[in-house]
1. Output the qualifying pairs, or none if there are none: Cβ atoms under 7 angstrom, residues six or more apart or on different chains, first residue in segment 24-45 and touching a residue at least 24 places away in the same chain (Cβ under 8 Å), second residue surrounded by 13 or more Cβ atoms within 10 Å (Cβ to Cβ) and charged (D, E, K, R).
2. Confirm whether ALA56 is of a type in the set (A, V, I, L, M, F, W, C), within 16 Å of ARG7 (Cβ to Cβ), at pLDDT 90 or above and over 15 Å from the mean Cα position of the chain (by Cα).
3. Return the pairs, sorted by first residue and then second, in which the second residue is among the hydrophobic types (A, V, I, L, M, F, W, C) and exposed (fewer than 12 other Cβ atoms within 10 Å of the Cβ), the first residue lies in segment 1-23 and is closer than 14 Å to LEU57 by Cα, the beta carbons are less than 9 Å apart, and the residues are 6+ apart or on different chains.
Amino acid sequence: MRGDRLRLQDILDAIEIIEQDTPSQRRDFDANRAIQSHILLHAQIIGEAVSRLSQALRDHARAAAARTLRGTPSLCAPAALRGLGDLNPD
């Protein structure tokens, strides 16, 4: 059975592949079904690995995130979400 350390490495590896292999232009991505499938496969790998992380690691990560955000100005949240508009294909 794979442990959290290996699953986290799977996530990092898949992110690296997605970053390296995603075309810089949306039209190039849209025109290439092989690239779309390749990127989707690695996104699925991330999702599968995340879903199998232990509850202890999830609890630890949640607590660490809460400690990090404590005292952070509320203006940071809108700044972090600003890039989400790029996900809209229109």
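The values are calculated or read from the model by the stated rules, or taken from the named source; none is laboratory data. Quick caveat: nothing in here was measured; it's all calculated off a predicted structure. With ideal geometry, Cβ positions are generated from the backbone for all residues, glycine too; neighbour counts draw on all protein chains shown.
1. Note: pairs meeting the criteria are ILE45/ASP10.
2. yes
3. ASP4/ALA56
Quick grid of which residues meet (1) exposed (fewer than 11 other Cβ atoms within 10 Å of the Cβ); (2) at pLDDT 80 or above:
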| residue | (1), (2) |
| --- | --- |
| ALA34 | yes, yes |
| HIS42 | no, yes |
| ILE45 | no, yes |
| ALA49 | no, yes |
| ALA63 | yes, yes |
| PRO73 | yes, no |
| ALA79 | yes, no |
| ARG82 | yes, no |
